[in-house]
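To start, the structure under review is shown below, and the notes come after it.
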Amino acid sequence: PAELIPQFTSVEYELPSIPNAGPPVFIFVVDVCNHEDELKELGDSLTQALNLLPDDALVGFITYGGNVNVFELGFDGLQKSYVFRGTKEYHASKVSDILGCSLKYYGGGRGAGRKGGPPPPPPPGPGMMNGNGHPQQPQHQHPHQQQNHQPPPPSAQVLSRFLLPVGECSLTLENILEDIRKDPWQVPANRRPNRCTGSALSVAQSMLDIACPRRGGRVMVFTGGPCTHGPGAIVSRMKTQDLRSHADLAKNDAPMYKGACEFYARLAHSNRSSSGGEGSAGKSSGGDGGLDSPSLHVVDVFACSLDQVGMLEMKELIEATGGLMVLGDSFGQSVFKESLNRVFNRYADEVPNDGGKLMMGFGASLEVFTSRECKVSGAIGPVTSLNKKAPNIGDMEIGKGGTNAWALGGIDPGTTVAVYFEVAVPGSSPLPQGKMRYMQFLTKYLHSNGMTRLRSTTLCGPWCNVNSDQQPQQQHQQQQPHPQGYAPYGQQQQPPQQQQPPQIPPQYQNQFHQPQYPQSTFQNNKTTAGTGTGPGAMTTSTATNNASRVPQNTHTPYAYATTRQPYVDPETNIVYPVTDIVLSGWLTKQSDWLKDWRRRYFILTSNNSLFFCKNEYCSPHGRIDLSTCTTVKSADVKSRKRFSFEISTAERMYLLFADNEKEKDDWIGAVGKSIVRSSRTFLNQGSGGKGQKNGYSGDNSYGYGDDDDDDSDYGGEGGFENGNNHPYFND
């Protein structure tokens, strides 16, 4: 068996003792307070998503604005919906009553014949005809048989009217998406739209609790603004009241924040309690403790808006169910469309047992077992503690600690969790030599095919004892190595090792050519100090018979032994060599046409060229001519990215951002100095001519710093008498 093969660390079992729960359920909850164009883009995306679902997957459709509309997809020939007020929260029993699925609407119930319930079918009369055109005869039944007639349960009615397979209701749902319109209620200019997101979520979850409490499902909310009406509201409709900010939360000056958080937390806990069975639908635990089962119903929020939508308040609901949070500017953006399509990724058809199934799971839980020397400190990731106590729980808590079991809710192949351990050895006695350690991770989840699976990952390895007296000595030797050619007393003297040229990865060897240096080139490297190119001085290393100078802090490997292929301009066919590198490293650049962010490797050379490549080995595929640039400055506000800056030319503006503040400052300093060196003022003064009194200002000034800052423009009144008077060269 596979369990006995050491190479198989993970084994997945399908548990036949647990019955098949059936295909997953998807309920689309659409905010109709958006603009008509946004609703059209969203309708197109949802129509494409329907084609990605399996034919047996169940779908439902809800819209909300000032009220909540639940569409009956099983009603042919006409769009029929049930309306809920958006001012309150709806439990499962109330939703069942309004939808006409309660048992009390049928004969024998306490509410039989009540207004609003479906009337019982009339008995056939003498004038009624059957399907063959003949007079229909009344059917005589025994009174005992009439009393034992059982009406369908509420779950079966919801499944037959509101949650239908995609193959049966795709045409009806596509017609609804084509005819979807903006909320007809007029919105005054001084008010926000009437949006009841909280009520719509409670109705959708109650429908899942009624119809499929033991089946996996996703409630996918598509919203375009904050909740302003009913439970979960984060701001009033009056525009005179601003949305809560970080300062308001810090000063506890957000009156609607606490109530909204409590409402969404209540939804998360009621979701968990209802996954235990049909009889518990609609009940809530009312607290954080006592959660012993993960959620089978996932809540995803796709928010496309230029303003806040209340993600902070909905955070606990989304995290507790294992849902997704996607933020964008518009439903027409590629970020939203690609993210939505990736939710419905499927396994390849040739994958055994999983071919064609959705790559998602529901109700996942993770439990960790260890040997006695290991203790679990906690987990970091999309997890929620199940408050399970065990002997292998450590005293130190990291992330979600105090337990060895966590709920993950919805999962996919990309779900990642980090589990932390601590070594607990009684006293100071070392472990026996050769003693093994064991760790086992048990992940239990509901697969998209309806079967429950158990995935077991077992790891083992030997313990290694480190002498406490030798450890500080080893660390001291590592931090202070002996000079080359010398060794401590009693050790053999080692000759200096010959430096070898580094090797290029095979996949990039065709893009480099490796010069053949004399053997002395790598034996007699001469280290010299230089001024560098950043805001401060740095040390450069120069090799004999090698004219290229590369700073020590460059991120380009193999720089001493390789020469990159030159860049050829596709328009002018001019060849630009990529030599004499000043600064290089990774930056993220905004593309010109799609406006998406792409990570590129940038190389700044001394000839005022800024090249960018797809990786640190390939030849450049783009170039920025810094001689035509007018300014380089911070752009955190403009790009909405941290550590960002812009490089402006007469024709285009380049937006980039670095990984940290130091790299951002280094790039701004190096690019700014290149811009100054290529300016006409600097070139005229460097050639021996006299500097102009007023320099260059207006469109010809070369700025560096904040927007419209007089001190950041080079030129203006006073000019520079010589190159040394320039601010860059006064260090």
Worksheet item: Among (1) of a type in the set (A, V, I, L, M); (2) assigned to a helix (DSSP H, G or I); (3) surrounded by 15 or more Cβ atoms within 10 Å (Cβ to Cβ), where does A247 come up short?
Response: (3)
Worksheet entry | Residue identified as over 25 Å from Q333 (Cα atoms), without any contact (Cβ under 8 Å) to a residue 24 or more places away in the chain and open to solvent by 40 Å² or more (accessible area, probe 1.4 Å) among L171, L159 | L171
Discussion item. Restricting to segment 588-619, and then to whatever is basic (K, R) and open to solvent by 30 Å² or more (accessible area, probe 1.4 Å), can you tell me which residue is modelled with the lowest pLDDT?
Written reply: K595
Worksheet, complete the sentence: Residues of segment 250-282 being at pLDDT 60 or above, of a type outside the set (S, T, Y) and open to solvent by 70 Å² or more (accessible area, probe 1.4 Å), in sequence order, are A250, K251, N252, D253, P255, K258, E262, R266
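For every residue, the table says whether it meets (1) within 24 Å of R244 (Cβ to Cβ); (2) surrounded by 17 or more Cβ atoms within 10 Å (Cβ to Cβ); (3) modelled with pLDDT of 90 or more; (4) of a type in the set (K, R).
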site	(1), (2), (3), (4)
D300	yes, yes, yes, no
G310	yes, yes, yes, no
Q333	no, no, no, no
F336	no, yes, yes, no
R346	no, yes, yes, yes
D349	no, no, no, no
Worksheet item: Which of the following residues is modelled with pLDDT under 90, over 20 Å from L46 (Cα atoms) and hydroxyl-bearing (S, T, Y): S206, S236, S245, S202?
Response: S245
Worksheet item: How many of the residues making up segment 346-370 are more than 21 Å from L454 (Cβ to Cβ) and in contact (Cβ under 8 Å) with a residue 40 or more places away in the chain?
Response: 2
Worksheet item: Which residues, taken from segment 68-97, are in contact with a strand residue (DSSP E or B) (Cβ under 6 Å, 6 or more places away or on another chain) and hydrophobic (A, V, I, L, M, F, W, C)?
Response: V68, V70, F71, L73, V83, F84
Practice prompt. Filter segment 1-36 down to the residues that are surrounded by 12 or more Cβ atoms within 10 Å (Cβ to Cβ) and among the polar types (S, T, N, Q), then identify the one that is nearest to L159 (Cα to Cα).
Written response: N20
Response to the item:
Within segment 1-15, of all residues that are at pLDDT 85 or above and of a type outside the set (D, E), the one nearest to the chain's Cα centre (by Cα) is S10
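The values are calculated or read from the model by the stated rules, or taken from the named source; none is laboratory data. As the structure is a prediction and not an experimental result, all values here were calculated from the model. When we count neighbours, we look across all protein chains shown, and the Cβ atoms used for this are built from the backbone with ideal geometry, even at glycine. Note: areas computed on protein heavy atoms with side chains; ligands, DNA, RNA excluded. Shrake-Rupley method; radii C 1.70, N 1.55, O 1.52, S 1.80 Å.
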